[in-house]
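J.: Provided herewith is a single structure, encoded as structure tokens, for subsequent inquiry.
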Amino acid sequence: MSILSRTLPLLPGIAFLAGCGSKAQKEITKNNLQQPNVIYIFADDLGIGDLSCYGADRVSTPNIDRLAGQGLQFTNAYATSATSTPSRFGLLTGMYPWRQTNTGIAPGNSELIIDTACVTMADMMKEAGYATGVIGKWHLGLGPKGGTDFNKKISPNTQDIGFDYEFIIPATVDRVPCVFVENGRVVNLDPNDPIRVDYNQKVGNWPTGEENPELVTLKPSQGHNNTIINGIPRIGWMTGGQTALWKDEEIADVITQKAKNFIGTHKNEPFFLYMGTQDVHVPRIPHPRFAGKSGLGTRGDVILQLDWTIGEIMQTLDSLQLADNTIFIFTSDNGPVIDDGYQDRARELLNGHTPMGIYRGGKYSVYEAGTRVPFIVRWPAGIKPSKQQALFSQIDVYASLASLLNQPLKAGAAPDSQDHLNTLLGKEDTSRDYIIQQNLNNTLAIIQGQWKYIEPSDKSALEPWTKTELGNNKKAQLYDLSIDPSEKRNLAGENQGVVKNLAATLQAIKAK
Ligand code: NG6
Ligand code: CA
């Protein structure tokens with residue numbers, strides 16, 4: 001508990017919400033130490049088998065490989081959750097998303113699901129004296145309860161939870177509205193052509209995939225049959241905002257340029273850039289210069305595009321001589337999926353490529369491929385290049401960075417985040433005591449030592465559309481990851497004692 005929070009009387013009207021601290025305790029003093037810049041890049045749905053530095057041999061990612069070669073490459077790092085919204089929530093709040101009810105996959109007009117009272121990782125960095133920015137995929141909602149009004153200054157936005165600058169895709173690229181938001185305002189919006197968005201019923205008269213399938217240039221395989229934007233049928237209906245619509249093949253260029261600008265603008269002060277790429281989420285629309293280049297269809301092409309983005313950021317850091325003192329974290333929000341709802345022929349064009357690596361499940365799943373993700377940390381001034389085998393969770397990035405910056409955590413802030421700075425920087429290879437994994441249905445698993453226990457669930461075994469094995473089973477599951485990382489043999493029957501202990505540990509963590 002900080003000194004200030006002990007002496008501050010609880011201000012009336014400032015409630016203790018969300019279980020992740022309260023800005024009422026914010027200290028005004030700034031920490032003036034020589035601080036490294038921090039860049040955190042979340043790729044979307046990128047698998048641990050999708051990068052050549054993790055063993056992919058059908059696709060080549062030279063820039064990301066170089067980043068890994070100059071830094072610490074984790075082999076046992078986890079996202080908190082197997083889908084985007086909860087995973088991002090966990091990272092930025094340091095609180096397991098399943099502690100809050102509204103953290104499932106958010107629609108494009110969702111309210112901001114992080115309470116503005118919450119002390120986020122961005123708040124923490126800002127207080128440590130950093131210029132903070134968020135660029136690219138957001139997917140944590142915007143605006144007040146009742147949803148987002150895209151026609152006026154959107155409030156609250158990310159600037160109410162610690163970011164000085166925002167340039168964001170509100171949700172995902174397969175969800176309306178297909179517009180960028182910069183500092184609370186839709187970019188290029190003509191006020192005479194207001195945006196309307198609905199996730200329950202059609203609004204306006206723009207064609208939909210359902211009514212006008214002949215108009216689509218990319219057919220859905222599941223869902224994705226509402227309003228057609230740029231020939232692509234999306235999830236949700238929209239109308240208006242014609243001049244503000246993004247061009248899908250230009251998104252990587254646009255957000256990469258914004259990231260470069262942000263870095264350039266803040267080159268003389270410590271900065272924290274949180275960036276979400278739209279790659280490699282569906283719809284996978286590469287810029288023409290990447291189209292057809294991977295030989296694996298568009299899923300492979302957007303991996304090349306993603307690698308280009310990382311190369312551009314690296315190059316920008318080099319040219320500004322910032323690379324040495326920038327902590328560059330590159331990872332994914334959840335595991336990979338092959339057909340995620342469009343007929344992009346991803347499966348038939350795999351050509352032997354294995355996005356999941358040796359792991360079971362995939363995006364949506366509590367099996368390993370759902371949350372075990374690529375995780376690379378480069379910091380030339382502070383990290384010796386090597387591999388890191390320790391168990392590590394993205395939930396700990398918050399407390400570990402706070403520790404690096406000597407920022408005391410505010411009372412209640414980042415309640416599930418632990419300081420594992422030495423593991424993050426490769427000074428030691430100490431594993432986290434346990435890792436919690438979460439699937440689409442909020443079924444949880446706990447990994448401790450060699451064991452992984454998945455709690456019983458009566459939810460469906462398969463994700464209905466992708467047919468991914470979710471890991472749900474009415475019976476408890478127990479795997480020995482040290483000899484069975486692919487989770488093939490359920491050993492719960494013969495290890496009742498281990499099951500009982502892990503179930504109790506998981507229960508205690510839930511109840512915390
Ligand atoms: C699913 C979508 C999928 C993707 C996912 C969220 C269908 C059939 N599937 O409901 O395409 O958008 O939600 O992905 O609509 S995430 O990575 O942002 O969590
Ligand atoms: Ca995702």
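The values are calculated or read from the model by the stated rules, or taken from the named source; none is laboratory data. Predicted, not measured: the structure shown is a model, and the values here were computed from it. All Cβ positions, glycine included, derive from the backbone under ideal geometry; neighbour counts span all protein chains shown. Just so you know, the surface numbers come from the protein's heavy atoms only, side chains and all, with ligands and any DNA or RNA stripped out. Shrake-Rupley method; radii C 1.70, N 1.55, O 1.52, S 1.80 Å.
J.: Under a Cβ-Cβ limit of 4.7 Å, which cysteines in the chain have nobody to pair with?
T.: So far as the 4.7 Å Cβ criterion goes, Cys53, Cys178 stand without a partner in the chain.
J.: Considering amide H positions built from the backbone, and no H for Pro or chain starts, which residues 5 or more places from Phe272, or on another chain, come under 5 Å of its amide H?
T.: Distant-sequence amide H within range of Phe272: Val38, Ala131, Thr132, Gly133.
J.: Using the structure shown, select from Lys474/Lys500; Lys293/Lys384; Lys137/Lys474; Lys152/Lys410 the pairs with a Cα to Cα distance greater than 24 angstrom.
T.: The answer is Lys293/Lys384; Lys137/Lys474; Lys152/Lys410.
J.: Remind me, relative contact order of segment 95-225 in percent, using alpha carbon pairs under 8 angstrom and six or more residues apart?
T.: Once divided by the residue count of segment 95-225, the mean separation gives 23 percent.
J.: What does the charge dipole of the chain about its Cα centre add up to, to the nearest 20 debye, if the Cβ of each Lys and Arg holds +1 and the Cβ of each Asp and Glu holds -1?
T.: Charge dipole, the chain, about its Cα centre: 760 debye, nearest 20.
J.: If you don't mind, there's one more thing I want to ask. Rounded, prolate or oblate for segment 89-199? Axes are the square roots of the Cα gyration tensor eigenvalues, ordered a ≥ b ≥ c, and the cut-off for rounded is a/c under 1.5.
T.: Since a/c reaches 1.5 but b/c is at least a/b, the shape of segment 89-199 is classed as oblate.
J.: Shifting gears a bit: Taking amide H positions as placed in the peptide plane 1.01 Å from N, state which residues far from Lys137 in sequence (5 or more) or on other chains have amide H under 5 Å from it.
T.: Residues meeting the amide H criterion: Ile169, Gly276, Thr277, Gln278.
J.: Defining a contact as two alpha carbons under 8 Å apart and six or more residues distant in sequence, what relative contact order in percent does segment 48-140 show?
T.: It comes to 20 percent, rounded to a whole number.
J.: Leaving out same-chain residues fewer than 8 places away, which aspartates and glutamates sit with a Cα under 12 Å from that of Lys145?
T.: Counting by Cα, and skipping residues close in sequence, Lys145 has these aspartates and glutamates nearby: Glu111, Asp115.
J.: Could you list which residues have their amide H under 5 Å from that of Thr208, counting only those 5 or more apart in sequence or on another chain, with H placed in the peptide plane?
T.: Correct list: Ile228.
J.: Let me check against my output: what whole-number percent is the relative contact order of the chain, with C-alpha pairs under 8 Å and at least 6 apart?
T.: RCO, the chain: 22 percent.
J.: Which whole-Hz couplings ³J(HN,Hα) result when phi for each residue of segment 432-444 is put into the Karplus expression 6.51 cos²θ - 1.76 cosθ + 1.60, θ = phi - 60°, listed in order with x for Gly and Pro?
T.: 4, 4, 8, 10, 10, 10, 9, 9, 3, 9, 6, 5, 10
J.: Could you put Arg289, Arg284 in order of accessible surface area, largest first, with the 1.4 Å probe and the full protein assembly present?
T.: These residues rank, largest area first, as Arg289, Arg284.
J.: On to the next question. Could you derive backbone 3J(HN,Hα) for segment 505-512 from the dihedral phi with the Karplus parameters 6.51, -1.76 and 1.60 (θ = phi - 60°), listing whole Hz in sequence and x where the residue is Gly or Pro?
T.: Couplings: 4, 4, 4, 5, 5, 4, 7, 4 Hz.
J.: State the Kirkwood hydrodynamic radius of the chain in Å, one decimal place, computed from all pairs of distinct Cα atoms.
T.: 23.1 Å
J.: While we're on this one: Under a cut-off of 18 Å between alpha-carbon atoms, report the lysines in cross-link reach of Lys387, not counting same-chain residues fewer than 8 places apart.
T.: Hits, sequence-local ones excluded: Lys427.
J.: Right, here's the next one. How large is the accessible surface per residue of the chain, computed with a 1.4 Å probe and reported in Å² as a whole number?
T.: On a per-residue basis, 37 Å².
J.: Could you tell me whether segment 352-457 comes out rounded, prolate or oblate from its Cα gyration tensor? Rule is a ≥ b ≥ c as square roots of the eigenvalues, rounded for a/c under 1.5, then prolate if a/b exceeds b/c, otherwise oblate.
T.: In terms of gyration-tensor shape, oblate.
J.: Determine the calculated [θ] at 222 nm for the chain from helices alone, applying -39500 (n - 2.57) to every DSSP H run no shorter than 4 residues and normalising by the residue count; nearest 500 deg cm²/dmol.
T.: Helices in the chain give a 222 nm mean residue ellipticity of -5500 deg cm²/dmol.
J.: In the chain, what % of DSSP beta bridges are antiparallel (nearest 5)?
T.: Taking every DSSP beta bridge with both residues in the chain, the antiparallel ones total about 50 percent.
J.: If you don't mind, another one. For the chain, give the percent of accessible area contributed by carbon and sulfur heavy atoms, probe 1.4 Å, rounded to a whole number.
T.: The C+S portion of the solvent-accessible surface of the chain is 50 percent.
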